[in-house]
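Computed from the coordinates by the stated procedures, all read-outs in this text should not be read as laboratory data. Computed from a prediction, not measured in an experiment: that's the story for all the values here. Ideal geometry is used to build each Cβ from the backbone, glycine not excepted, and the neighbour counts take in all protein chains shown.
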Amino acid sequence: MKKKLQNFGVMGSIVLLGLGFIVTFFYIYLQAMGLTWQFDDYINLKDLSNASSVQGLNNFIFGGVAGPTGRPISLLTFLANYNDWMNNHPWGFVKTTLIWHLLNACLIFLLVFNIAKIYINNTNQSYIFALMVAMVWVILPIHASANLIPIQRMTHVSAFFMLSTLLGYVYFRTYLSSKQSPILNLILVIGWVVIGTILAVYSKENGAVVVTMLALLELYFLKRITYPAYPKLWTLGIYLALLIVPLFMLLYLVKNWAGINHHFEFYRDRSLADHLATQIIILWEYLKQIILPRAALLGPFHDGHIVYHWTMWQPYVALIAWLVAIFVGWKYKAYRLGKFLLFALVWYFAAHQIESSIIPLELYFEHRNYLASLGWVVLIAVLFAEIYKKYQGLSPWHILGGIYILYLLFNLQQITSLWGKPLLAAEMWSTYQPDSPRAAQMLAAQYKQEGFREASIEVLNDFAQLHPKNISLEMQVFSETCEKNSSQQNINQLNSLKKNVAKISLPADITVNIASLGENIRQKKCAGVTLKNYLNFLMVAAQVPKIKQNANVMHHVNYETALTYQEMDNTEAYLTYATRAFYNYPSLSIAEKIALTYFKQANNEKTLAWIKEALQYAPSNANGDAWRKSLKSLAETIKSIESQRSKVDNTPHEK
């Protein structure tokens, strides 16, 4: 009875502590209420406004562009914020994301508790240890950007299914008995893992690493529990799970070697070797921000991160440091801290094996540490648990633990309060990330919104002058100032663009502002710049190797060329370049415009032939249904018109 009362008291204390912590958590994040949309929000969420119809709903959920899977499960969760999107209310998205974040913390608590109780005979101590891990993890400042960027909910949704998969597996391993039907046990576990992995991957592709994480939990913590079915087969499955993602990555590298290197060179302006050299250093930078964060250096903009090369000393030092850390963990794995150091390292690398390795992604994103940080949090909790065992009662070491929690909360509060003041945040991010074009663009946008138009232009112009390889901001300056400039100033600006486009480092930069610039020139808002001048610039851009080799960018250049020829009443040239733009990157809107142009020429044969051709490029997802429905409807309309004309032509006329 006494033990039950004691357990009840501990559980009551944990519940009260948890509730108090949740209140503190929301109080800190409420300070970010004034935040704005971020760079990837619009492109991923723009179709949410059409989700009120069945077709629009299908297009939104199954027409995602964030990754190869389209991430439909994550997109499905955004339907809860339909009204927030229609009312331009990003904080509504963030509130929902914070709930997902807390749900994930609960899963971490249950996961750690179910593993801890295998090793800790005292259930109350297992609860306390699991609670400490969950509390420290949920307030890590490095998670702030994932929580505060609306579209990054995809990270949370994928993590939810990953953690659910791991928790279910640990539960099955703990409670399934080998005395039950072995085949049923095997089917149950495999089914759970496969379904959980699929849900995680279709929320975000990085969810595939859950199988590696599962194998690590098995090898580190569950080996002492008897396998519930076919021990040799189960062991083989665990090692297969451990190796399947690395082997797939290796196979992908070998099979797509040329394409990967081409993508790095023409899309990312660095080689695969440089990417790997930089990632080795960035992994240390992430780790520093996980354990000892600095609020000023945490934020959404790291696109100006320095690229390291193997001719520099830093990658070698970083690599040696990682090898030393692994050696220390391995050498002292018989000791608790050594074992958990090694676990934190391999868990960290497992979580980063897709996003921070050979895939041609951007260099640095804080949200990649959402689950990668968990191993380090467990190590921190183990460290303080060891201190607690050694020093009974209150000691300076326990005070240090409290100070560490306060340090994390203070940095988190600094970050959230900054995000709640967009202009100040933009100034801070631009100051600490001076080579980030996104930071410069956000600062310029904030100045413009506050009515400081000249300051906005100055920010863009200064960045463009210091970074001539990034012409996006120079194009934006030209687009926003050409209406007030003299003819000579505009001609000089266009000539500067023509010169700098040959130096372009990231060809996708040209796509950001080319449409608005072209529109201004076609509407004759830029004095002194003729359509022929603009065409000349587009022709020069089209011959730049990095642009020429990039189909997505050529899509924009060719379509701008088509629109300019259309403005010059050159229909044949318009059709030529619009068709090229379509083949660069098939688009329903362009397909329809080409078809309608042929139709206006009264060339129904070519119209129907083009529709038949365009239908071959319809995507395989739900957007393909929209393609087929729209283009087939257009074809049927044309056939109906032809039929009506035929009837009229064959009708006898009265004399």
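Taking a ≥ b ≥ c as the square roots of the eigenvalues of the Cα gyration tensor of region 532-583, is the shape rounded (a/c under 1.5), prolate (a/b larger than b/c) or oblate? Write out the running numbers ahead of the final one.
Working: a/c = 2.85, a/b = 1.40, b/c = 2.04.
Oblate, since a/c reaches 1.5 and b/c is not below a/b.
Quick one: net charge around residue 245, please, counting Lys, Arg +1 and Asp, Glu -1 for every other residue with C-beta under 14 Å from its C-beta. Could the numbers behind the result be given before it?
Values: positive: none; negative: 205, 355.
Around residue 245, the surrounding residues sum to -2.
For the pair residue 628 and residue 89, how long in nm is the line joining their label points, each one 7 Å along Cα→Cβ?
The answer from the label model is 3.9 nm.
Would you mind computing, in nm to one decimal, how far apart the modelled labels at residue 336 and residue 224 are, each placed 7 Å from Cα along Cα→Cβ?
1.3
Above 33 Å lies some portion of the pair distances; for region 2-419, what is it as a whole percent of all C-alpha pairs? Write down the numbers at each step before the final one.
Values: 31584 of 87153 pairs.
The answer is 36 percent, as a whole percent.
So, R0 is 25 Å and r is the distance between the beta-carbons of residue 33 and residue 314; what FRET efficiency does that work out to, to 0.05? Intermediate values should be presented prior to the final figure.
Details: r = 40 Å, r/R0 = 1.58.
Once the sixth-power term is evaluated, E becomes 0.05.
Once you have a ≥ b ≥ c as the square roots of the Cα gyration tensor eigenvalues for region 293-438, tell me rounded if a/c is under 1.5, and otherwise prolate or oblate according to whether a/b is larger than b/c.
Details: a/c = 2.49, a/b = 1.25, b/c = 1.99.
Note, shape of region 293-438 comes out oblate.
May I ask you to evaluate 6.51 cos²θ - 1.76 cosθ + 1.60, the Karplus curve with θ = phi - 60°, for each residue of region 629-640 and list the ³J(HN,Hα) values in order in whole Hz, giving x for glycine and proline?
Rounded to whole hertz, the list is 5, 5, 6, 5, 5, 5, 4, 5, 4, 5, 4, 5.
Taking the Cβ of residue 460 as the centre, find all other residues whose Cβ is under 9 Å away and add up their charges (Lys, Arg: +1; Asp, Glu: -1). Don't skip to the answer; put the middle values down first.
Working: positive: none; negative: 458, 462, 474, 480.
Once positives and negatives cancel, what remains is -4.
Taking K and R as +1 and D and E as -1, what net charge do the other residues with C-beta under 11 Å from the C-beta of residue 554 add up to? If you can, show how the numbers build up before the last one.
Working: positive: 546, 548, 580; negative: 560.
Neighbourhood net charge equals +2.
Under 29 Å Cα-Cα from residue 223, which lysines qualify once same-chain neighbours fewer than 8 residues away are excluded?
Within the straight-line cut-off, residue 223 pairs with 117, 179, 232, 331, 333, 339, 389, 390.
Could you list 471, 22 in order of exposure, starting from the residue whose Cβ has the fewest other Cβ atoms within 10 Å?
Values: 471 29, 22 14.
Ranked by crowding around the Cβ, least crowded first: 22, 471.
Return the calculated 222 nm mean residue ellipticity for the chain, to the nearest 500 deg cm²/dmol, obtained by summing -39500 (n - 2.57) across DSSP H runs with n ≥ 4 and dividing by the residue count.
-23000 deg cm²/dmol
Tell me the relative contact order for the chain as a rounded percent, counting alpha carbon contacts under 8 Å between residues six or more apart.
On the way: 813 pairs, mean separation 81.3, N = 655.
That works out to 12 percent.
Can you tell me the convex hull volume per residue for region 488-603, based on C-alpha atoms, in Å³ to the nearest whole number?
On the way: hull volume 10.9 nm³, N = 116.
Given the Cα convex hull of region 488-603, per-residue volume reads 94 Å³.
Once fully extended, how much extra length lies between residue 454 and residue 42, figured as 0.36 nm per residue of separation less the alpha-carbon to alpha-carbon distance?
Numbers: separation 412, 0.36 × 412 = 148.32 nm, distance 2.60 nm.
Taking 0.36 nm per residue and subtracting the Cα distance, the gain is 145.7 nm.
Across region 437-446, in residue order, what do the Karplus-derived ³J(HN,Hα) couplings come to in whole Hz, using 6.51 cos²θ - 1.76 cosθ + 1.60 with θ = phi - 60° and x for Gly and Pro?
Going residue by residue, I get x, 5, 5, 5, 5, 5, 4, 4, 5, 5 Hz, with x marking Gly and Pro.
Convex hull over the alpha-carbon atoms of region 170-267: what's its volume per residue in Å³?
Working: hull volume 10.8 nm³, N = 98.
Spread over its residues, the Cα hull of region 170-267 gives 110 Å³ apiece.
Hey, in the chain, which Cys have no second cysteine's beta-carbon closer than 4.7 Å?
106
About the Cα centre of the chain, how large is the charge dipole given +1 on each Lys and Arg Cβ and -1 on each Asp and Glu Cβ? Please answer in debye to the nearest 20.
Numbers: 53 positive and 38 negative charges, 438 e Å.
Charge dipole of the chain: 2100 debye, to the nearest 20.
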